[in-house]
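Just so it is clear, none of the values below were taken in a lab; they were calculated from the coordinates. Predicted model only: the values in this text are computed from it and were never measured. A quick note on method: Cβ atoms are made from the backbone with ideal geometry, for glycine too, and the neighbour counts reach across all protein chains shown.
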């Protein structure tokens with residue numbers, strides 16, 4: 001399923017504030033870099049009549065009447081993947097309190113193993129009945145979208161938003177930002193023009209006027225914003241250059257912004273002062289996948305997005321193979337290693353595969369993309385007969401990190417206790433397997449019939465499956481941090497509710513990768 005999930009992943013951003021980029025120790029949460037492209041109050045400067053004065057009409061024409069539902073339906077049940085795709089029931093959320101679910105979703109970390117990332121994405125995209133207490137504000141829906149954005153999953157986030165009511169400010173705000181990052185802002189700008197009730201901010205309105213070719217109106221709007229003191233000096237500097245770059249020819253470039261929004265990001269591109277994406281939120285990396293980006297930027301962006309499953313392995317390895325490296329070191333060594341291995345595998349040369357596979361797999365370990373490597377190459381690698389014992393073992397490890405893990409396990413003859421452990425986990429049957437390593441013991445216990453913790457068993461019995469799965473994800477991540485009991489409990493939950501594939505893949509990744517997450 002990971003390939004499909006990657007292909008529907010996506011990302012977003014915007015906001016004019018906060019801490020310097022160099023001080024960011026970890027990716028910003030989506031809520032931190034979403035823009036203020038929509039205001040919560042109307043931007044009209046017209047004052048309402050004084051209460052003592054009767055309303056006065058200045059025309060006999062029939063006024064326009066706006067009709068809206070008093071209680072709009074909740075978007076919290078919206079999803080892209082139905083029960084027939086996810087294998088999760090329609091009542092996934094309905095037995096739980098919406099505030100609790102929203103808190104759990106917001107707290108989930110996305111820097112985890114690929115199998116757990118896939119489960120998070122599946123839960124965020126699941127179409128299911130809305131939870132208890134769901135209202136039209138769509139708090140849980142927004143939390144799910146924001147989690148997709150944290151992963152860099154722009155396309156599914158955009159699709160989710162488009163299933164909802166885009167005229168709701170918090171939904172439009174996110175959709176506007178995602179549209180900027182995916183290059184589909186024309187539709188968003190049309191809404192800015194046609195739906196004044198969205199109360200877009202002046203920078204957003206000015207950008208959209210210019211984007212639609214109405215430069216005169218854009219300049220007039222900027223002058224109005226300046227008269228009303230509705231834009232900051234920094235915004236004025238950027239917008240002025242965006243509207244008339246020739247006027248600033250020969251001047252010093254603008255200083256780097258702090259926490260740039262997608263709107264700032266796009267305007268900086270428009271004035272030929274683009275921002276590097278490496279220190280920005282993961283979603284911005286999609287900009288470097290475009291054909292106009294330098295090859296190095298393309299590879300680095302694809303590596304970053306592939307780590308979270310936000311692009312498919314096809315995208316990553318397509319970029320590795322696109323050109324011939326003209327230098328050495330770092331990223332160029334990785335590209336060379338992949339190209340050498342790919343050529344050997346394509347030729348079916350077992351000796352060359354044996355010579356190139358170790359370097360290629362090690363290169364992927366440098367950027368934590370071993371699982372995308374396995375997904376892309378395992379099908380061909382498992383069809384090749386390898387005489388070299390060390391290479392055959394490494395090929396087995398690669399296959400265990402792919403969807404072919406069980407087939408590979410059934411075909412392999414283990415010779416060590418460690419290999420027997422891997423085979424047993426891949427088969428889901430650890431009978432007779434033992435270990436003195438507490439990390440391994442935690443995995444074995446999870447597959448040896450460990451009971452589901454009582455509080456989670458109660459939630460499952462009472463129709464709170466989604467909540468129980470969110471808690472199980474948190475437990476697994478605690479296991480990555482060294483809590484062995486939590487790791488066992490998470491695997492027990494996954495297996496108890498039928499997520500056997502998730503349990504086996506996550507356990508294999510835990511055992512096989514040279515890092516916890």
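Annotations
- Distance from the stretch 377-416 to the stretch 74-103 (C-alpha centre basis), Å: 37 Å
- Against the main long axis of the alpha-carbon atoms of the chain, helix 233-243 sits at an angle near 90°.
- C-alpha long axis of helix 169-182 to longest principal axis of the chain, angle in °: 60 degrees
- In the stretch 165-306, the inverse of the mean reciprocal separation of distinct Cα atoms equals 16.1 Å; this is its Kirkwood hydrodynamic radius.
- Kirkwood Rh and Cα Rg combined as Rg over Rh, evaluated for the stretch 373-517: 1.00
- Cα gyration tensor category, rounded, prolate or oblate, for the chain with a/c compared to 1.5: oblate
- Rounded to the nearest 10 degrees, the angle from helix 350-366 to the longest Cα principal axis of the chain is 50 degrees.
- Distances between every pair of Cα atoms in the stretch 160-241, grouped in 5 Å steps from 0 to the bin holding the largest one, split as 3, 15, 26, 23, 19, 10, 4, 1 percent.
- Between the stretch 471-517 and the stretch 105-182, the Cα center-to-center distance that results, in Å: 24 Å
- Per-residue [θ]222 nm for the chain (sum of -39500 (n - 2.57) over DSSP H runs n ≥ 4, rounded to 500): -16500 deg cm²/dmol
- The stretch 390-433 - convex hull of alpha carbons, volume per residue in Å³: 61 Å³
- Stretch gain in nm, segment residue 314-residue 415, where the contour uses 0.36 nm per residue and the Cα spacing is subtracted: 33.0 nm
- Taking only the Cα atoms of the stretch 315-424, the radius of gyration and Dmax are 14.0, 45 Å.
- Using the Cβ-Cβ distance between residue 109 and residue 366 with R0 = 22 Å, the FRET efficiency computed as 1/(1 + (r/R0)^6) comes to roughly 0.50.
- The stretch 79-194 - Debye-derived log10 I(q)/I(0), Cα point model, q = 0.10 Å⁻¹: -0.30
- Where labels lie 7 Å past Cα in the beta-carbon direction, separation of residue 137 and residue 355 in nm: 6.5 nm
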